[in-house]
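The structure under discussion appears below in the form of structure tokens.
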Amino acid sequence: MGIDDFFDDDYLDFDSDDDFEESLKSESFISKLNNFKDSITPKHLLTITGVVASIFIVYFINYRFNFNENELTSENTNILPSTTVEESRSETLSTTTSTSTTVAKSVPITIEDNPSTSLKALQSTVMVALPDCGYMGSGTIISKLGFIMTNEHVISDDGTNCNDYIVILISESGDTDPIPKYLAKIVTENVQLDVAILEITGTYDGSSLPRSFENMCIGDSETIALGDELLIWGYPDVRVDSFDSLGRIDLSQGFVSGFDAETNLSEKAWVSLSSNISSGNSGGGAYNSKNELVGVPTAVLEGNFSSRGLLRPINLILKYFDSFYFENCS
């Protein structure tokens, strides 16, 4: 076949010049496609696969999150209005002894108002009982490890080692009596500060201890100023007759009315409140507007302090106790 035959129209079988150009374009596109395919490495394939998978996962998570959020919102709408923490409390405070005085007016707290705040304080505020000594007081769980802060005079010994047996009682709700829940021992104490640290060592019924405990975190008492409102959690009506007749947990409020110095201790050794504190509240917790533990209510029964509500500021306490026992809010 000669060169003329090669260029013969019948051999090439192109109807027109346009068909020939289209053929060239088709071959050019296929060549580019083949070149692109040859240039793709396993690394490129892995990257592309990862991008596609990521887009799918993000879409799936976003879809599930929105679905669950809507579902929970509709459920909470039905649950919250009917649930309260502090629906009721003792109508009157104990005024039968010379050492117990009434506290500030009670502040009802409901779950709708702030569920995490009220429930944490309810579960973390404990009654500290020494049956062999015959007295009780309040305390606060300050660490998930089970450390409790209270007043030293609440767990002081009468010379008979009666403080070897310490029972910790917990309130399941604001309108029920506290129940014996744990056993504790004294870890360390400071008589001058009237503060002691206890550790939960076992359960009252002999069951297994939980892995962690509900606790309140420590704030900064240096931020407390005159006129600030503080909330006081504790057991002002504790009675030492038996575990069958116990005072219920109480939430009260007071305004900061001043600060007092104490010789050889601090220029800000006491925070005074506008209301008195019952002896049963001793060792409980004083909280600022952020629900941070900033002081320990202490019933001082001597000298000029006998009729005033006083708190030991938490920053002073931290100077004399190892930070290991506390959980800082920050």
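Okay, here's what the table says:
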read-out: Members of the range 149-166 that are in contact with a strand residue (DSSP E or B) (Cβ under 7 Å, 6 or more places away or on another chain) and in contact (Cβ under 8 Å) with a residue 60 or more places away in the chain; value: Met149, Thr150, Asn151, Val154
read-out: The range 255-284, residues that are of a type in the set (S, T, N, Q) and within 21 Å of Leu231 (Cβ to Cβ); value: Ser257, Ser272, Ser274, Ser275, Asn276, Ser278, Ser279, Asn281, Ser282
read-out: Among (1) in a strand (DSSP E or B); (2) closer than 22 Å to Asn281 by Cβ, the one test that Leu183 misses; value: (2)
read-out: Boolean, Gly258 is within 17 Å of Glu152 (Cα to Cα) and in the same structural domain as Asn215 (by TED's automatic domain parsing); value: no
read-out: Matching residues in the range 215-227 - criterion: being in contact (Cβ under 8 Å) with a residue 40 or more places away in the chain and exposed (fewer than 15 other Cβ atoms within 10 Å of the Cβ); value: Glu222, Thr223
read-out: Some residue of the range 245-252 being surrounded by 13 or more Cβ atoms within 10 Å (Cβ to Cβ), assigned to a strand (DSSP E or B), at pLDDT 95 or above and among the polar types (S, T, N, Q); value: no
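The values are calculated or read from the model by the stated rules, or taken from the named source; none is laboratory data. Everything numeric in this text was worked out from a predicted model, so none of it was measured. We place every Cβ from the backbone using ideal geometry, glycine too, and count neighbours over all the protein chains shown.
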